[in-house]
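None of the figures in this text is laboratory data; all of them are computed from the coordinates on show. These figures come from a predicted structure and were not determined experimentally. In this analysis, Cβ positions are derived from the backbone assuming ideal geometry, glycine residues included, and neighbour counts consider all displayed protein chains.
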Amino acid sequence: MKDSHHVSRRRFLQEAALFVPALSMLRRREGAFLTEIGVCTRLANVAVLAAGGCAYVEEGVRSFLVPEEPEEKFAAMLASLREAPLPALVCNGFLPGRLKAVGPEAKPEDVLAYAGISFRRAARAGVGTIVWGSGESRKIPDGWAKAKAEEQFRDLARRTATLAASSGIILALETLHRGETNFINNLKEGAAMVDAVGHPNFRLLADFYHLLQEGETPDDVVACGRRLHHCHIAEKERRTPPGTAGDDFRPFLKALRKIGYGGRLSLEGRWDDLPGQVGPAVAALKKQIAEA
């Protein structure tokens, strides 16, 4: 994995332009409630998102920042982003399963090397948030003590957050339901880990699909308070976009309003027809937000 620490003046000026839409988005967020809705998908779909009323695309660390690929591959991604009608403000899918965060095969130095490239490239692209889900990476292996895994993850997260801060990146810890991993499965556990790490660049993500799978309530969201930095949303039964099955998210949205949430909300789920579904999904979600 190779990454250049230095860019030419020309490249710097070109890539600095990528920050303009991101900064304007940040200004609009101040004092606003859920005005920025995005979709977790590939950059190739960004025109569809723009037409559907989205404010940004949430791409993938491995697909967009390509930390295991040479600089030339990432440069091509940046070139595509320059032509895109929307910014890529968030990336998910942080660590591949082979990079273990806990257990006897954990290699924190390898994780930090991978993370360092990801963070530097994210900053160059105008990405300000990286979602830390990575259920396979953090899965506790059989026979490994949970307390030991908690200690490993806490220490790794603290070091990773410090590294993220050097690039201006916020890490958002995503709680995942028990069908996807066996570690940090609900908001209470996620909040406890955020508190244990104790770093301002390590915060929490609420994914309403996972919350519904775990039987969590709006009160659980309220209990997270200012720890929450980012949110994902999809319906419970088939992880479909809002408006498909008619799930009522208003109680959860009211909880976000109650705690003064000022972050973004990304639709992350299964699409049968993204061009045909995204506009109605965003409209249905905005209606529920207005009624919350």
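Which order results if 259, 130, 37 are arranged by neighbouring Cβ count within 10 Å, fewest first?
On the way: 259 15, 130 25, 37 22.
Least to most surrounded, the residues fall as 259, 37, 130.
Computed from the Cα positions only, the extents of segment 85-140 along the three principal axes stand at 44, 19, 13 Å, in decreasing order. Using the structure shown, select from 100/148; 236/258; 254/287 the pairs with a Cα to Cα distance greater than 19 angstrom. Too far apart for the 19 Å limit: 236/258. Computed from Cα atoms alone, the Kirkwood hydrodynamic radius reported for segment 175-231 is 11.3 Å.
Start at zero, step by 5 Å, and the Cα-Cα distances of segment 143-217 spread as 3, 17, 24, 23, 18, 12, 3, 0 percent across the bins.
Could you line up 137, 63, 167, 266 from fewest to most neighbouring Cβ atoms inside 10 Å?
Values: 137 22, 63 15, 167 19, 266 28.
In order of increasing Cβ crowding within 10 Å: 63, 167, 137, 266.
Structural descriptor for segment 133-292: relative contact order 19 percent, calculated from alpha carbon pairs under 8 angstrom and at least 6 residues apart.
Treating each Cα of segment 213-253 as an identical point scatterer and summing with the Debye formula, the log10 of I(q)/I(0) at q = 0.32 Å⁻¹ comes to -1.23.
Can you show me the helix-derived [θ] at 222 nm for the chain, built from DSSP H runs with n ≥ 4 at -39,500 (n - 2.57) apiece and divided by the number of residues, rounded to the nearest 500. Write down the numbers at each step before the final one.
Numbers: 12 runs with 130 residues, N = 292.
It comes out at -13500 deg cm²/dmol, rounded to the nearest 500.
Backbone phi angles across segment 202-212, fed through the Karplus curve with coefficients 6.51, -1.76 and 1.60 (θ = phi - 60°), yield HN-Hα couplings of 10, 10, 10, 10, 10, 9, 5, 5, 5, 4, 5 Hz in residue order; Gly and Pro are listed as x.
Working value for segment 164-292: equivalent-ellipsoid semi-axes of 25, 16, 15 Å, each the square root of 5 times a Cα gyration tensor eigenvalue, largest first.
Please list the equivalent ellipsoid semi-axes of segment 219-292, computed as the square roots of five times the alpha-carbon gyration tensor eigenvalues, in descending order and whole angstrom.
Values: eigenvalues 103, 28, 25 Å².
Sorted largest first and rounded, they come to 23, 12, 11 Å.
For segment 83-134, applying the loop criterion from DSSP together with a ceiling of 14 other beta carbons within 10 Å to the trypsin sites (Lys or Arg not before Pro) yields 98. So for the chain, averaging the separation of alpha carbon pairs under 8 Å that are six or more residues apart and normalising by length, what relative contact order in percent results? Relative contact order here is 18 percent. Select one label from (1) 27, 26, 17; (2) 32, 24, 19; (3) 47, 26, 16: the one whose number is semi-axes √(5λ) of the Cα gyration tensor in Å as derived from the coordinates shown. Working out semi-axes √(5λ) of the Cα gyration tensor in Å from the coordinates points to (1).
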